[in-house]
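Have a look at the structure below before the remarks.
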Amino acid sequence: MTTHEIDPVQRLRIMAAGVRGARIAEEVLPAPFEEVWAVMADLEGEFGRFQPDMRRVRVLRVAGDRVEALARSKYGFRAHLRGFVRPGWCWLQSRFLVIGMAAAPVPGPGGGTRVALTGGVRVRVPARAPAVVPYGTASELSRAMTRLAERVGDRRTGPAA
Amino acid sequence: MTDDRRDRGVALARAARAGNTLALHQLLDHLTPYIARICTPIALADGPDATQETLLAVFRSLRSLKDPQALYGWVRAIAVREAVRIAQRAARAHPAELADVPERGDPQLAADIDDVLARLSPAHRAVLVLRDVEGLDEEAAAALLGVPAGTAKSRLHRARMSFRKAWSS
């Protein structure tokens, strides 16, 4: 890592600092980075299983680190997401949504992967800064984190009986 | 920095303030190397920490930036402040009079130019960075650091002399 590169989780904290109302759910999952990121970055599969409101995502285009996808929520809403996907990093935005995800290996013998999630419903007011609705966001992120931990666990050991 | 790059940063800041988080994302990519270039020579080993703290401060208060055209001067001031603060907090800085820098022929002097840098206080290093990397005159550098212009000027002169000695040894 050069001095110009920032740990993805730290990067997510910086991005969230620039979005009014943004909350962050952060946790260390007891699995290697490669396994955790394989779940998080699987936009057309696992992503829809751990993000509470997502039902289906279809990736339309990938060019370098740029990605464009069509998402449908379980309530039927559609979102045209555009953004960036890099190792350990995903930032997507639609007209009404912001989704940010980051993962980084935890150094040291205990290992594991530090994961952070942020995002929410965009507020479109002339606020001189990006903003999301602050209410309920923390509990949604917490639910997503719980589901993500379950999905990672299931892939490691098989689903619980 | 080229005018194109400067214009791009200003345009990204403007779009980010209008609510576009993808522009905010690109602004983060755009500003990180600029901030690291200021923080690293001041905070030395703590350069990455100083860079992160600067980015957090910049993003947290982006909405308070009244004129996006002033982006770089505003970011530069935050970067210097954070780099000096982090370097002092880490207690890695041992402010020493430049007279303490070893004489020519001293084996310690021959070791590395970094040694000379490390012997300067963070504020002295900040003067060097602002003047020689950022191209500010002594008065502007001193104002940004909150020290008298004469002090900044004499410290800069002595720091340069030390570097000259170090390089020619």
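Things to note:
- If the condition is being of a type in the set (A, V, I, L, M) and touching a residue at least 24 places away in the same chain (Cβ under 8 Å), then segment B:28-43 contributes B:28, B:31, B:35, B:38, B:42, B:43.
- Residue within segment A:37-60 that is within 14 Å of chain B (Cβ to nearest Cβ) and over 14 Å from the mean Cα position of the chain (by Cα) present: no
- Checked against (1) surrounded by fewer than 19 Cβ atoms within 10 Å (Cβ to Cβ); (2) away from chain B (no Cβ under 14 Å); (3) not aliphatic (A, V, I, L, M), residue A:5 passes all but condition (2).
- Some residue of segment A:71-88 being part of a strand (DSSP E or B), within 14 Å of chain B (Cβ to nearest Cβ), of a type in the set (S, T, N, Q) and out of contact with any His (no Cβ under 8 Å at 6 or more places or on another chain): no
- Pairs linking a residue in segment B:74-91 that is closer than 17 Å to residue B:48 by Cβ and surrounded by fewer than 24 Cβ atoms within 10 Å (Cβ to Cβ) to a residue that is of a type in the set (S, T, N, Q) and modelled with pLDDT of 95 or more, with Cβ atoms under 7 Å and 6 or more positions apart or on different chains, are B:78/B:54.
Let's see how each residue does on (1) under 21 Å from residue A:148 (Cα atoms); (2) open to solvent by 10 Å² or more (accessible area, probe 1.4 Å):
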| position | (1), (2) |
| --- | --- |
| A:20 | no, yes |
| A:33 | yes, yes |
| A:40 | yes, no |
| A:53 | yes, yes |
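- Selected residue [modelled with pLDDT under 70 and surrounded by 15 or more Cβ atoms within 10 Å (Cβ to Cβ)] from B:109, B:144: B:109
- Of the criteria (1) assigned to a helix (DSSP H, G or I); (2) surrounded by fewer than 17 Cβ atoms within 10 Å (Cβ to Cβ), which one residue B:27 fails: (2)
- Candidate set: segment B:44-73, residues that are touching a residue at least 40 places away in the same chain (Cβ under 8 Å) and away from chain A (no Cβ under 11 Å); chosen: the one surrounded by the fewest Cβ atoms within 10 Å (Cβ to Cβ): B:69
- Of all residues in segment B:24-60, exactly one satisfies the criterion of being out of contact with any helix residue (DSSP H, G or I) (no Cβ under 8 Å at 6 or more places or on another chain) and aliphatic (A, V, I, L, M), namely B:45.
- Enumeration of residues in segment A:116-156 that are open to solvent by less than 70 Å² (accessible area, probe 1.4 Å), within 14 Å of another protein chain (Cβ to nearest Cβ) and in a loop (DSSP other than H, G, I, E, B): A:123, A:127, A:129, A:130, A:133
The values are calculated or read from the model by the stated rules, or taken from the named source; none is laboratory data. Keep in mind it's a predicted model, so treat the numbers as computed, not measured. Every residue, glycine among them, receives a Cβ derived from its backbone with ideal geometry; neighbour counts consider all protein chains shown. Surface accessibility is based on the protein's heavy atoms, side chains included, excluding ligands, DNA and RNA. Shrake-Rupley method; radii C 1.70, N 1.55, O 1.52, S 1.80 Å.
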